[in-house]
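Novice: Next up is a structure, given as structure tokens.
The values are calculated or read from the model by the stated rules, or taken from the named source; none is laboratory data. Source: prediction; values computed, not measured. Don't worry about glycine lacking a Cβ; one is built from the backbone with ideal geometry, like all the others, and counts go over all protein chains shown.
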Amino acid sequence: MSVGIGRTAIRRAHLLSLVLALLGFVFLAVDVPIAQFIFEVKLPVVENDFYSGFFRLFNLTEVYAHGTGVALILLGLVAFQPARWAALPRIALSAYSAGILAVACKMLVVRMRPADFVPAFMSGEATTSFDGWFPFISQVSIGWSGQSFPSAHAATATGLTVALCWYCPRASWYIILLGCMASVQRVLAGSHYPSDILFGAAIGTAIGLIATGPGYVGRFHDRLERLCGQ
């Protein structure tokens, strides 16, 4: 039987999405210093066995925010609870739609990833990580290095987290922990700035609410799950 998220929880989640976006704007002012700190500290730190294991632990959580990882999680849910298979389209919609929307947003602005920008910034060859708007119009070839903003991994992880918390509320603390670790991993890896993560998480939260909330999309999936006897 499908149980939607309560209206009080919906209001709080909407507020959370807004707060994440506002924090994204705030962190724009400190993105580069944080990225520079990680760049300068990470290289000597990873030579230590303890801290190297710490970074490896975070690296392993990337699968939670990856499209293939989401598919494996969905298959695992079917294997453990085959009777609730009709809930999978909702979870998939929440995770994949969030990631796709974040990828679409990358086409609006060019932002160099920390791994590429920080060395140039430290050498004085660059002063800002942002490098133009609407690259698809100007036909600028930016490639992976210019697609830092926002984080599609964080959007996917957050969309998946919202849906899984709806699916299994009792495990929310663990699900949220995985989502946070997968997002932080993108910063530690030099792939994103903190603001990229926050804006991606705001997208994921909003999409997750659409999929699990009382609106049209949520009601459609409620009916689908009832038709399937869930």
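Novice: Could you identify the single residue in Ala13, Ala35, Ala98 that is surrounded by 13 or more Cβ atoms within 10 Å (Cβ to Cβ), under 19 Å from the mean Cα position of the chain (by Cα) and at pLDDT 95 or above?
Specialist: Result of the check over Ala13, Ala35, Ala98: Ala98.
Novice: Among the residues of region 199-218, is there at least one that is among the β-branched types (Val, Ile, Thr) and under 20 Å from Met107 (Cα atoms)?
Specialist: yes
Novice: Here's something else I'd like to know. Which fully enclosed helices (runs of 4 or more DSSP H) of region 111-230 have 2 or more residues being of a type outside the set (A, V, I, L, M, F, W, C) and surrounded by fewer than 22 Cβ atoms within 10 Å (Cβ to Cβ)?
Specialist: 114-122, 135-138, 172-188, 216-227
Novice: Do we have any residue at all in region 190-201 that's among the β-branched types (Val, Ile, Thr), modelled with pLDDT of 95 or more and touching a helix residue (DSSP H, G or I) at 6+ places or on another chain (Cβ under 7 Å)?
Specialist: Yes, some residue in region 190-201 is among the β-branched types (Val, Ile, Thr), modelled with pLDDT of 95 or more and touching a helix residue (DSSP H, G or I) at 6+ places or on another chain (Cβ under 7 Å).
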